[in-house]
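Each remark here refers to the structure printed beneath this line.
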Amino acid sequence: MRLDKLLAHNGFGSRKEVKRLIRDGQVLVNGEIITDDDYHVTELDEIELFDLNISIEDKQYFLLNKPKGCICSKDASQYPSVYEYIHENLLPDTNAFGRLDVDTEGYLIISNDGQLGHQLLSPKHHVIKGYRVTLREPFNPKYIPIIEKGITIDQNENCEPASIEIVDENTVNLILSQGKYHQVKRMMIACENEVVDLYRYQFGPIIDDGSLPVGEYRRLTEDEIELLKEYK
């Protein structure tokens, strides 16, 4: 990676600002002052700036508890983007895996690991996602076996079997292994009801334990990353 690009990604300023730092002799690579901003470094190099050691990071994995009112697109012309909630320099090709609607809250993985993203989103892997669904009307239990068998939405579109648990008369937990467009909302319409609030509390092996408030993010742990990579 280019030295100026690395410093910019690590939050030491704009590309122009870090070029100036390098040219002013503020950066050491393996104990030597480097003044060439086009200098290339690898993960084996020891890089120092302001007495700080800087490591090269090629993959990032974040867990965001997405709030309402923001979108999973990088186009923030109409709504804020989920990427604005990550207060770190994001590497190129970073994307949100398992997008959520603007009015939906919950767990969202943001990473530049495209291979992992493909694995998590590919229909053949059947990665489960859990949703807490608040409904306008009390849920009718007669739809439980229909959902568990595979409910039909929009008259002719069949859903795969799903798990459902009644929390209270207007709240259910719904676990899906597929990701059709607006699937939860359409399933509840097929159950003669309407979603008024939707929260994703599970993404594969990552389950909400109450430690990450809505609107906050954290880096995934090494164990969580391995669980996601091994998840089938």
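The values are calculated or read from the model by the stated rules, or taken from the named source; none is laboratory data. Predicted, not measured: the structure shown is a model, and the values here were computed from it. Please note: Cβ atoms are built from the backbone with ideal geometry, for glycine as well, and neighbour counts cover all protein chains shown. For the accessible areas, the whole protein counts, side chains as well, though only heavy atoms, and no ligand, DNA or RNA atoms are used. Shrake-Rupley method; radii C 1.70, N 1.55, O 1.52, S 1.80 Å.
Can you check what the net charge comes to around LYS68, using other residues whose Cβ is under 11 Å from the Cβ of LYS68 (Lys, Arg +1; Asp, Glu -1)?
-3
Set the bar at 25 Å for Cα to Cα. Now go through LYS5/LYS66; LYS59/LYS180; LYS68/LYS124; LYS5/LYS229; LYS124/LYS180; LYS5/LYS68 and name every pair that lies beyond it.
Values: LYS5/LYS66 29 Å; LYS59/LYS180 28 Å; LYS68/LYS124 29 Å; LYS5/LYS229 28 Å; LYS124/LYS180 14 Å; LYS5/LYS68 33 Å.
From LYS5/LYS66; LYS59/LYS180; LYS68/LYS124; LYS5/LYS229; LYS124/LYS180; LYS5/LYS68, over 25 Å: LYS5/LYS66; LYS59/LYS180; LYS68/LYS124; LYS5/LYS229; LYS5/LYS68.
Using only Cα atoms, locate the centre of segment 69-128 and the centre of segment 1-64, then give the distance between them in Å, rounded to an integer.
Segment 69-128 and segment 1-64 have Cα centres separated by 27 Å.
Once fully extended, how much extra length lies between MET1 and ARG20, figured as 0.36 nm per residue of separation less the alpha-carbon to alpha-carbon distance?
Full-extension gain reported as 5.1 nm.
Please state the relative contact order of segment 128-232 as a whole percent: Cα pairs under 8 Å, 6+ residues apart?
About 34 percent, as a whole number.
Under 19 Å Cα-Cα from LYS74, which aspartates and glutamates qualify once same-chain neighbours fewer than 8 residues away are excluded?
GLU84, GLU88, ASP93, ASP101, ASP103, GLU105, ASP113, GLU216
Please report the equivalent ellipsoid semi-axes of segment 1-122, computed as sqrt(5 x eigenvalue) of the Cα gyration tensor, largest first, in whole Å.
They are 34, 16, 11 Å, listed from largest to smallest.
Which whole-number percent gives the relative contact order of the chain, counting Cα pairs below 8 Å spaced six or more residues apart?
Computed value for the chain: 19 percent relative contact order.
Where does each of 208-220, 184-196 land if you order them by average Cβ count within 10 Å, highest first?
Listed from highest to lowest mean packing, they are 184-196, 208-220.
Sorted by mean Cβ packing within 10 Å, highest first, what order do the peptides 174-181, 151-158 take?
Values: 174-181: 15.6, 151-158: 12.0.
Result, highest mean Cβ count within 10 Å first: 174-181, 151-158.
Quick check: pseudo-label points 7 Å beyond the Cα along Cα→Cβ at GLU43 and ILE144, how many nm apart are they?
4.9
Determine the share of the chain's accessible area contributed by carbon and sulfur atoms, expressed in whole percent, with a 1.4 angstrom probe. Write out the running numbers ahead of the final one.
Details: 5870 of 12510 Å².
Using a 1.4 Å probe with all protein chains present, the chain comes out at 47 percent carbon and sulfur.
Can you tell me how much longer the chain between ILE56 and HIS126 gets when fully stretched, taken as 0.36 nm per residue apart minus their C-alpha distance, in nm with one decimal?
21.9 nm
How many Å² of accessible area per residue for segment 57-153, probe 1.4 Å?
Result: 48 Å² of accessible area for each residue.
Just subtract the alpha-carbon distance of GLU137 and ASP168 from 0.36 nm times their residue separation and send over the number in nm, one decimal. Present the calculation step by step, with values, prior to reporting the outcome.
Working: separation 31, 0.36 × 31 = 11.16 nm, distance 1.12 nm.
So the extension gain works out to 10.0 nm.
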